[in-house]
Amino acid sequence: MKKFLAAMMSAVLALSLAACGGAPSSTPASAPASQPASAPASQAASAPDSTAAVDYSAYTGATIDAIKAKGKLVLGTEAQYAPFEFLDANAEFAGCDIWLAQQIAAALGVQLEVMDMAFDGIIPAVKSNQVDLGIAAFTVDEERAKEIDFSEVYQKDQQLLIVQKGNEDVYTSKEALKGKTLGAQRGTVQSKLIESALPDCTLFELDKWPALALEVAGGKIDGLVVDGAVGEGLVANNEGIVVANFEFSKEEANFGKAAVLKQGTDDLKELVNAVITQVVADGSFEAAYEEAVAQAKTLGI
């Protein structure tokens with residue numbers, strides 16, 4: 001089902017203070033109240049350091065100057081989407097997306113401040129300058145691109161259909177899913193995928209993936225659609241659900257993940273793209289992803 005088509009990675013980047021089981025293989029290559037969390041620009045010892053040896057000083061502009069003047073890069077994310085972003089055993093931010101943000105902060109020579117918020121509040125926060133950028137396993141999407149700018153893609157992912165245990169060979173086709181209720185996180189590309197690729201199904205939305213998994217396990221909804229890495233983690237930690245023998249076509253669901261930035265912040269976008277190109281090319285992003293997968297597994301998330 002859900003196999004990663006592009007580079008994944010994830011090292012835990014411990015960030016100081018308050019404020020997405022086993023993973024499939026990968027290959028390189030979506031504003032409510034929130035709590036901020038400041039973090040130093042240095043990485044945790046286990047995280048690969050991909051930007052320290054690269055000089056990003058040539059990247060300049062009004063947005064970059066403003067970030068350097070305040071001494072911090074403010075990130076908007078939703079820390080409940082392991083292995084991309086989550087909280088570790090010490091309630092510190094971890095995951096490959098957090099690691100990527102740390103690399104960007106290091107390239108700028110500033111600290112990283114993380115704001116944990118509802119997923120559908122991140123783009124409004126970017127647009128209103130509450131945060132400098134959003135990284136939360138955002139899928140590149142034409143509708144979103146009308147509101148914000150996307151960075152280069154740092155990972156591609158197919159989608160999994162998760163169903164109640166015993167139904168993995170029942171819901172194997174669109175015909176079998178007609179009239180069924182499928183869940184997705186509110187405001188995500190998975191909701192749009194259900195509506196576009198499975199129009200005969202009823203969409204059911206909640207704010208959190210773990211809650212949706214419980215709905216499936218309890219038989220309250222027939223399934224949920226989710227990113228592969230996240231879906232594998234949900235299945236590994238809930239004996240009542242499995243991956244269905246169902247596959248979306250590449251045309252329907254060949255999604256690339258990217259950071260989101262406010263339109264008009266081209267100088268910051270160029271630097272972010274340079275960092276993404278670097279960490280994908282040198283393999284450090286993939287290493288970071290693998291570390292995050294392992295850590296999430298030990299936490300049972």
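The values are calculated or read from the model by the stated rules, or taken from the named source; none is laboratory data. Only a predicted model underlies this, so the values are computations on that prediction, with no experimental measurement involved. Cβ sites come from the backbone with ideal geometry, for glycine too, and all protein chains shown count toward neighbours. For the accessible areas, the whole protein counts, side chains as well, though only heavy atoms, and no ligand, DNA or RNA atoms are used. Shrake-Rupley method; radii C 1.70, N 1.55, O 1.52, S 1.80 Å.
Quick notes on this one:
Yes/no per residue for (1) more than 18 Å from the chain's Cα centre (by Cα); (2) hydroxyl-bearing (Ser, Thr, Tyr); (3) closer than 22 Å to Ala288 by Cα:
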{"site": "Cys201", "(1), (2), (3)": "yes, no, no"}
{"site": "Ala211", "(1), (2), (3)": "no, no, no"}
{"site": "Val226", "(1), (2), (3)": "no, no, yes"}
{"site": "Glu232", "(1), (2), (3)": "no, no, yes"}
{"site": "Ala274", "(1), (2), (3)": "yes, no, yes"}
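- Residues in the range 248-271 that are closer than 22 Å to Ala229 by Cβ and touching an Asp or Glu at 6+ places or on another chain (Cβ under 9 Å): 8 in all.
- Residues of the range 256-266 that turn out to be surrounded by 23 or more Cβ atoms within 10 Å (Cβ to Cβ) and of a type in the set (D, E, K, R), as a count: 1
- Filter result for the condition that a residue is within 21 Å of Asp169 (Cβ to Cβ), in contact with a helix residue (DSSP H, G or I) (Cβ under 7 Å, 6 or more places away or on another chain) and among the small types (Gly, Ala, Ser), over Ala184, Ala213: Ala213
- Selection count, the range 105-131, where residues are over 16 Å from the mean Cα position of the chain (by Cα) and under 17 Å from Glu85 (Cα atoms): 4
- Of the strands (runs of 3 or more DSSP E) lying entirely inside the range 1-118, the ones with 3 or more residues being modelled with pLDDT of 50 or more and closer than 22 Å to Ser151 by Cβ are found at 72-77, 111-116.
- Segments classed as helices (runs of 4 or more DSSP H), wholly inside the range 146-255, with at least 3 members that are closer than 30 Å to Asp282 by Cβ and open to solvent by less than 10 Å² (accessible area, probe 1.4 Å): 228-236
- For the range 121-138, the condition holds for at least one residue, the condition being that it is in a helix (DSSP H, G or I), among the aliphatic types (A, V, I, L, M) and open to solvent by 10 Å² or more (accessible area, probe 1.4 Å).
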